[in-house]
Structure formats: C-alpha cells, structure tokens
1. Could you tell me what percent of the accessible area of region 240-311 is made up of carbon and sulfur, with a 1.4 Å probe and every protein chain present?
2. List, in the order given, every pair from LYS53/LYS226; LYS53/LYS189; LYS189/LYS282; LYS109/LYS381; LYS189/LYS381 whose Cα-Cα distance in the structure shown is over 29 Å.
3. Would you kindly calculate the translational diffusion coefficient of region 191-279, applying Stokes-Einstein with the Kirkwood radius from alpha carbon pairs, for 4 °C and a viscosity of 1.567 mPa s, and quote it in µm² s⁻¹ without decimals?
4. For the charge dipole of the chain, defined by +1 on Lys and Arg C-beta atoms and -1 on Asp and Glu C-beta atoms about the Cα centroid, which residue among LEU302, ILE82, ALA253 has the Cα displaced farthest towards the positive pole?
5. Hey, can you rank 347-354, 333-340 by average C-beta count inside 10 Å, highest first?
6. Determine ³J(HN,Hα), in whole Hz, for all residues of region 313-318 in sequence, where each value follows from phi through the Karplus function 6.51 cos²θ - 1.76 cosθ + 1.60 and θ = phi - 60°; x replaces Gly and Pro.
7. In square angstrom, what is the accessible area per residue of region 68-110 with a 1.4 angstrom probe?
8. By average Cβ neighbour count within 10 Å, what is the ranking of 200-207, 51-58 from highest down?
Amino acid sequence: MSTQGSSGELRVGMVGYAFMGAAHSQAWRTVNRVFDLPVRATMVAVCGRDGAKVADAASRLGWAEAVTDWRELIARDDIDVIDVCTPGDSHAEIAIAALEAGKHVLCEKPLANTVEEARAMVAAAAKARALGVRSACGFNYRRVPAVSLMRNLIADGRLGAIRHVRAVYLQDWITDPNFPLVWRLQKDKAGSGALGDIGAHIIDLTQFVTGQQITGVTGITETFIKERPLPEASSGLSASAGATTGEVTVDDAAVFVARLSGGGLATYEATRFATGRKNGLKVEINGELGSLVFDLERLNELEYYDATKPAAEQGFSRILVTEGEHPYLSAWWPPGHIIGYEHSFTHEMRDFIEAVATGQDPTPSFEDALQVQLVLDAVEKSDASWVSVLA
Ligand SMILES: NC(=O)c1ccc[n+]([C@@H]2O[C@H](COP(=O)([O-])OP(=O)(O)OC[C@H]3O[C@@H](n4cnc5c(N)ncnc54)[C@H](O)[C@@H]3O)[C@@H](O)[C@H]2O)c1
C-alpha cells in the first residue's frame, strides 16, 4: 500500500485528459508553486485510450508519461494517487480497483451513474480508509473562496435559521436540435443529463454552505429534443454531427423543490436550454438574520444582506472576496487582484494533498457524494407524483 512517495512526493496518475483532465492538470502543475504543502505532487502518468492522442496530451499538460490502459496506472508502484477524470460510466470500476490497490482516489463528480455504484464506491472507500488510503469527490465549486466564505458566515450564525435556498445552474450548449448525441446525452455513459451533470453541483454546493442535507424532494425532468444526430467526432462539449440519428436518453432540464434538514425550503433548476446562459450558477440563501448570494459569473464577490443592521442602513452589500484573510487567498495576489474558475481546482488539489499528507480524510468524501447521488435518484423517481391540472 502506498500513502505517499518516499521523498515527500505524492505521485499522481490521471485517467482522462480532455476538459477535466486539462483543468486538473493545470491544478496539479500549479498547486505546489502557490501553496506551502507538506508534500509535493508529481505528475507521473496520464491515461487515455488512443496512444498518439494521450502522448500529445501528456506533453501538452505536463505529465511525464502516457499510458493507454488505466489498469497500468493502478499496477504501478510509483503512483500514489489515481485522479479519475473520465465520464461517469467508468468511475466506479476505476475508483474501486484503485482503492483496493492502496491508491488514494480523487474522482470527478457526480460520483457514479447510479446509487448502487455509489454505494459500492463508499464501501470500497471505507475499507481503504481503515488502511490509511483516502478518497474524495471533485465538487470543485466548494473551493471558490466566496463559496467557502459563504459557508463560514452561515456556520458563524450570521444568517440565523435558514428559510430558503434558491439555486440555479443554467447552460445553453445543446439548444440547437442538430447538436450531436455526445456522451453527456447518453444515459449509459452519463447516468443522467443536466440533473447529474450540473444539478449535482448545486446540490453539493447548497448542502455544503448550509451544513444541512436535503431530506426530501419532488421534481420534474424533461427531454426537449428526443432524437439527435450521432456524433462523427467529439471532444468534450464540442462535436460534429453525422448523418444518422439516435435517441437522447437523459434529461435536458430538471426542476425540483426540496426540504432541508434544518426545516428550510429549497428550489433547484438545472438546464442546458437556458438560451444565453453559458455556465450560470447562482445560489441565494435567505435566513432569519440576513441573506447571501453567490453568482459564478462574479466569483470574486459575495452579496450580503445583514437584517440586524438599523433599518436606515440595510441593503445588500458586495464583499470583494480577495483579502488575505478570505479562504485560500493569502497564497495568491494582493487584495483586489481577482482569481478565476481554474483556481477552484488548484484549491481542490491543495486540500486533497494536505489531507492525505496529514492522514486526514479529504472532503467531500465518497459518503458526501453518495448523498448527492441519493438526491439525484429521488428527483428522477419523484416524476411519478406529478399531478395534471385538468380544466
Ligand atoms: N468539476 C466540474 O466542474 C466538472 C466539469 C466538467 C466535467 N466534470 C466531470 O468530469 C468527468 C469527465 O468529464 P469531461 O468534461 O472531462 O469529459 P471529456 O469528454 O472532456 O473527457 C473525458 C475523458 O475521458 C477519457 N475516457 C473515457 N473513457 C475512458 C476510459 N475507459 N479509459 C481512459 N480514458 C477514458 C476520454 O478519452 C477523455 O479524455 C465527468 O464525470 C464529468 O461529470 C466535472
């Protein structure tokens, strides 16, 4: 079993090298240059199925070697961490095999394609944890400093009892009916559509900032475009359409309401059909003592309404989250010098490395990610309770 390399290194092997592979590589390359950590991450090898493409990716993204079968990474003695950046259909197989081989695992979200797979991953993680082997799921938005600050303010009691959570994650990349049937639109590859891809993020984010769990849901999902051209070639979110078509087997959009463990009510919307919204993640929390609002398009800011102030001074204020005392920011730039999307991944690796090096469990754990999976599953099942309005 490996916990870390002999010379204070944490030697990483990554599976998948496209969108998340690039984001994670950027973070592994950067993390030790920015943060003072007990061990140094080394980028040992990246895995992809096409030899020429993965070799190109390795040199572009900064990996020392390229391999074409993830089992090779797991079999190696010079790798301590397996970073899973593949679509959901391979998460369970890769993560469980890696944990059983004594490798720490960082797995992209959503944890799995089904609750059953997620439960098997949790069981493997629990067994591995007993041997000092760690695991975490990559819900990176937790690591945006303004989101961490939101959690800290709520944990400090600044909002009092939480009454409402209002969360949306809006995209528009498949509004064109001729956009091809990429893996994200196939249930066997992706598990679900907008619900699991982007809905999972706002489920995790809102449970994280409130410190509460979703205890019940009812919702609806819709697939607006039921047939699409099969892709000729695809990479990440872009693809070209072929001549034949296939059935879309996931939701295009999901809308649901939820009850929180603290007694509040929550609403969620996840869609790939919000024309004009590219990656619009927005969360508003209303408590008895105030409100907080986070908008990913303005990720260096947090809006705060303090209802305990004198009425004449009340109003939403904008906190510019760039101070050294804000989460993660002392390692970056002077106040006012803003950061971006990719920093959330660098912070994810920072927290993962520190936890592994100090023998702690990184977060979110596979158990936390299973809770998200249970919510996704409940939303899909809740369609049965839909009641038609009859004139
Ligand atoms: N944290 C986030 O914000 C975020 C954003 C996008 C995607 N994701 C998640 O990251 C994961 C990957 O998504 P993506 O956008 O990077 O997808 P992508 O299509 O851009 O890349 C997937 C990669 O996996 C490789 N791959 C697929 N099956 C493989 C296998 N069996 N063995 C080796 N390589 C394999 C592909 O060749 C490709 O390199 C998904 O779970 C997705 O939900 C997370």
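1. Roughly 49 percent of what the probe reaches on region 240-311 is carbon or sulfur.
2. On the way: LYS53/LYS226 32 Å; LYS53/LYS189 21 Å; LYS189/LYS282 27 Å; LYS109/LYS381 21 Å; LYS189/LYS381 19 Å.
Among LYS53/LYS226; LYS53/LYS189; LYS189/LYS282; LYS109/LYS381; LYS189/LYS381, the Cα-Cα distance tops 29 Å for LYS53/LYS226.
3. After rounding, the answer is 88 µm²/s.
4. Sorting the options by dipole projection puts first LEU302.
5. Working: 347-354: 23.8, 333-340: 11.8.
Highest to lowest by the protection proxy: 347-354, 333-340.
6. Calculated HN-Hα couplings, in order: 10, 6, x, 5, 10, 9 Hz.
7. Numbers: 1350 Å² over 43 residues.
That works out to 31 Å² per residue.
8. Numbers: 200-207: 24.9, 51-58: 16.6.
Highest-to-lowest ranking by the protection proxy: 200-207, 51-58.
The values are calculated or read from the model by the stated rules, or taken from the named source; none is laboratory data. Keep in mind that what you see is a predicted model, and the values were worked out from it rather than measured. Using ideal geometry, Cβ is built from the backbone for each residue, glycine included, and neighbour counts are taken over all protein chains shown. For accessibility, only protein heavy atoms count, side chains too; no ligands or nucleic acids. Shrake-Rupley method; radii C 1.70, N 1.55, O 1.52, S 1.80 Å.
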